[in-house]
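Encoded as structure tokens, the structure appears first; notes follow it.
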């Protein structure tokens with residue numbers, strides 16, 4: 001309905017419509033609406049993209065300023081813009097003016113100071129899915145990162161190295177360059193623009209669920225279709241017959257089976273678990289009896305590996 005205002009204004013840019021625009025932004029100012037919501041509401045009203053850019057403040061709302069955008073420069077260098085495809089509407093100038101006033105007041109009324117440079121709270125804010133784009137871009141700015149800076153996010157179960165923060169039982173690490181070695185199991189996200197760090201953090205935590213002592217670092221973008229398994233509820237995984245059968249085995253036998261899947265070789269599996277290779281065939285036969293399927297076929301190895309991965313996901 002709000003967008004209808006500007007469609008009508010194309011036919012009649014009278015004083016009544018101008019007053020409605022002023023009232024619209026006055027309500028947003030009165031409720032001290034944040035920049036993200038302010039830009040979204042203004043875009044809905046105008047039915048075109050609107051945003052804010054302030055490199056000095058580390059602010060970016062609505063993405064980069066389009067080349068064809070109409071701009072307003074605030075006193076501190078902040079740019080407020082409107083990008084309409086096609087001909088401008090009669091009330092566009094007023095909408096941009098009132099938007100500029102609302103943005104200026106919002107910046108002046110910002111009551112919560114951001115943490116100092118390097119504070120772990122900045123990392124937490126950059127990864128927060130509930131934080132607005134404006135808050136996140138300012139946090140990135142103080143971390144000396146641009147919203148477009150490519151980075152990976154790491155979820156670490158152990159002692160972190162690099163730009164990090166403790167988030168619950170895990171540590172999050174921002175890695176804009178080389179991935180720093182971590183102490184402990186680690187999930188690594190795909191590379192994303194820094195402004196998309198919350199999505200990368202979720203991806204890193206998913207990758208971490210696939211990690212194990214024999215595979216401590218897991219990259220999300222190397223999991224392929226396996227990453228879809230992480231969406232299965234843990235209770236459903238726990239009820240699968242192959243997972244139940246694995247639970248019935250001696251832990252040392254599960255270790256042998258895991259090594260067999262990793263190496264695809266009895267001798268290499270024996271070396272990995274520090275056993276003599278002559279003892280492995282008997283252990284495999286024991287496992288085949290419990291599992292109910294052979295392990296010397298491609299299908300059997302695939303089924304075993306899948307069961308081992310699912311069991312890990314259930315427990316992580």
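The values are calculated or read from the model by the stated rules, or taken from the named source; none is laboratory data. All figures in this text were calculated on a predicted structure; none of them were measured in a lab. Glycine gets a Cβ as well: all are built from the backbone with ideal geometry, and neighbour counts include every protein chain shown.
Annotations
- Failed criterion for residue 271 (all others in (1) surrounded by fewer than 19 Cβ atoms within 10 Å (Cβ to Cβ); (2) under 18 Å from residue 248 (Cα atoms) hold): (2)
- Under the condition of being within 26 Å of residue 63 (Cα to Cα) and either modelled with pLDDT of 90 or more or touching a strand residue (DSSP E or B) at 6+ places or on another chain (Cβ under 6 Å) (or both), the residues counted in the range 146-163 number 9.
- Residue list for the range 32-91, restricted to those being in a strand (DSSP E or B) and in contact with a helix residue (DSSP H, G or I) (Cβ under 7 Å, 6 or more places away or on another chain): 49, 50, 51, 52, 59, 60, 61, 70, 72, 80, 82
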